[in-house]
Amino acid sequence: MRSFLFIPGDSQRKLEKGMGSGADALLLDLEDSISPQNKAQARTTTLAFLKEAHGAKQRPRLYVRINGIATGLIDADLDAVVAGRPDGVIFPKAEGGVAVAHCDAKLTAREAIHGLPDGALDIIAIATETAQAIFLAGTYGGSSKRLKGLTWGAEDLSAELGAEANRDRDGNFLAPYQLARSLCLAGAAAARVQPIDTVYVDFRNEAGLKRECEEARRDGFTGKMAIHPAQVAIINEVFTPTAEAIKRAEAVVAAFAQNPGTGTIGIGGVMYDRPHLELAKQLLARVKGGNT
């Protein structure tokens with residue numbers, strides 16, 4: 001999956017509009033975009049939307065961002081929405097693999113209640129929203145077979161740190177958030193799950209969004225979250241491998257297949273080694289999966 005579009009779970013209009021946004025996944029939000037007094041309505045609206053969306057011939061994957069464990073709201077969220085058979089949950093303020101295992105157990109119980117297969121719902125964890133989470137970014141491996149991705153966030157972390165800003169005047173993340181981003185990326189690689197870049201909040205700045213997407217792809221992220229439908233097309237474009245990149249990856253894989261005993265190989269005057277082979281295989285695997 002390349003693009004992950006947040007939509008408030010209490011807006012039927014926005015939820016319906018999201019189906020035609022082109023996003024690979026919709027993140028139906030019960031957390032930050034929903035005021036405390038609207039939580040119950042958001043659960044009801046989200047459940048109704050999930051049930052209706054399952055009848056669509058083609059649809060994006062549907063995830064629900066639940067509230068974090070510490071809020072005391074997670075059980076009510078899951079009690080309400082698992083019956084709608086979402087593809088998974090976005091697990092906010094995750095603090096390491098132990099927290100993911102806790103979320104896994106809660107999902108297992110609800111799946112049994114609603115007659116769903118064990119493991120039917122995936123987990124994508126937001127791994128950097130608290131100071132404690134930063135120190136646990138490398139603990140997600142083996143925590144749950146449900147875990148399919150790690151992403152990160154700067155807004156909640158800013159509040160936790162008491163920071164005045166998380167970006168400089170040019171829109172670049174400041175040092176604490178660069179660290180969080182890097183730890184999320186390394187944590188996802190260590191856990192063998194998808195690394196997903198955070199949102200770009202200046203949603204009218206297309207040039208800034210594209211630059212940040214390109215930097216994320218360069219560093220190893222394979223998708224990005226969005227806060228506005230207008231961001232989806234750019235995210236999909238940047239995170240879709242180009243024909244040139246696919247051709248190059250195929251050439252690397254073919255060359256090593258023809259020379260299985262070699263550690264390095266030259267193609268068109270450029271030397272490639274085993275790490276390049278692994279990168280080529282990863283890119284082709286994403287292409288084979290249709291990016292979604």
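The values are calculated or read from the model by the stated rules, or taken from the named source; none is laboratory data. None of the values given here were measured: they were computed from a predicted structure. Cβ atoms come from the backbone with ideal geometry, glycine included; neighbour counts cover every protein chain shown.
When you go through (1) surrounded by 13 or more Cβ atoms within 10 Å (Cβ to Cβ); (2) part of a helix (DSSP H, G or I); (3) not assigned by TED's automatic domain parsing to the domain that holds Leu174 one by one for Lys247, which number turns out not to apply?
Unmet for Lys247, out of (1) surrounded by 13 or more Cβ atoms within 10 Å (Cβ to Cβ); (2) part of a helix (DSSP H, G or I); (3) not assigned by TED's automatic domain parsing to the domain that holds Leu174: (1).
Name, by its number, the condition in (1) touching a Gly at 6+ places or on another chain (Cβ under 6 Å); (2) modelled with pLDDT under 85; (3) of a type in the set (Val, Ile, Thr) that does not hold for Thr262.
(1)
Which of the following residues is of a type in the set (D, E, K, R) and touching a helix residue (DSSP H, G or I) at 6+ places or on another chain (Cβ under 6 Å): Lys288, Lys224, Lys281?
Criteria check complete, one pass: Lys224.
For the stretch 163-179, name all the residues that are closer than 14 Å to Asp219 by Cα and either in contact with a Cys (Cβ under 6 Å, 6 or more places away or on another chain) or not polar (S, T, N, Q) (or both).
Leu179
Going through the stretch 111-140 one residue at a time, which ones are surrounded by 20 or more Cβ atoms within 10 Å (Cβ to Cβ) and not in a loop (DSSP other than H, G, I, E, B)?
Asp122, Ile123, Ile124, Ala125, Ile126, Ala133, Ile134
Go through the residues of the stretch 75-96 one by one and say whether even a single one is buried (at least 18 other Cβ atoms within 10 Å of the Cβ), in contact with a strand residue (DSSP E or B) (Cβ under 8 Å, 6 or more places away or on another chain), of a type in the set (D, E, K, R) and assigned to a strand (DSSP E or B).
Scanning the stretch 75-96 turns up no residue that is buried (at least 18 other Cβ atoms within 10 Å of the Cβ), in contact with a strand residue (DSSP E or B) (Cβ under 8 Å, 6 or more places away or on another chain), of a type in the set (D, E, K, R) and assigned to a strand (DSSP E or B).
Mind telling me which of the residues Leu185, Leu283 ends up being at pLDDT 95 or above and either hydroxyl-bearing (Ser, Thr, Tyr) or part of a helix (DSSP H, G or I) (or both)?
Of Leu185, Leu283, the one residue that is at pLDDT 95 or above and either hydroxyl-bearing (Ser, Thr, Tyr) or part of a helix (DSSP H, G or I) (or both) is Leu185.
Listed here are the residues, each with its yes/no results for (1) crowded, with 16+ Cβ neighbours inside 10 Å; (2) within 23 Å of the chain's Cα centre (by Cα).
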residue: Tyr200; (1), (2): yes, yes
residue: Asp219; (1), (2): no, yes
residue: Thr222; (1), (2): yes, yes
residue: Ala230; (1), (2): no, yes
residue: Ala255; (1), (2): yes, no
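Just the residues that are more than 20 Å from Gly223 (Cβ to Cβ) and either without any contact (Cβ under 8 Å) to a residue 24 or more places away in the chain or under 13 Å from the mean Cα position of the chain (by Cα) (or both), please, taken from the stretch 136-161.
Within the stretch 136-161, Ser158, Ala159 meet the criteria.
Could you tell me whether the stretch 162-176 includes any residue that is within 29 Å of Lys14 (Cα to Cα), within 15 Å of the chain's Cα centre (by Cα) and at pLDDT 95 or above?
No, the conditions are met nowhere in the stretch 162-176.
Every residue in the stretch 144-173 that is closer than 20 Å to Val98 by Cα, touching a strand residue (DSSP E or B) at 6+ places or on another chain (Cβ under 8 Å) and in a loop (DSSP other than H, G, I, E, B), please.
Ser144, Arg146, Trp152, Gly153
Hey, does the stretch 167-180 have a residue that's more than 20 Å from Arg65 (Cα to Cα), in contact (Cβ under 8 Å) with a residue 24 or more places away in the chain and surrounded by fewer than 14 Cβ atoms within 10 Å (Cβ to Cβ)?
No: zero hits.
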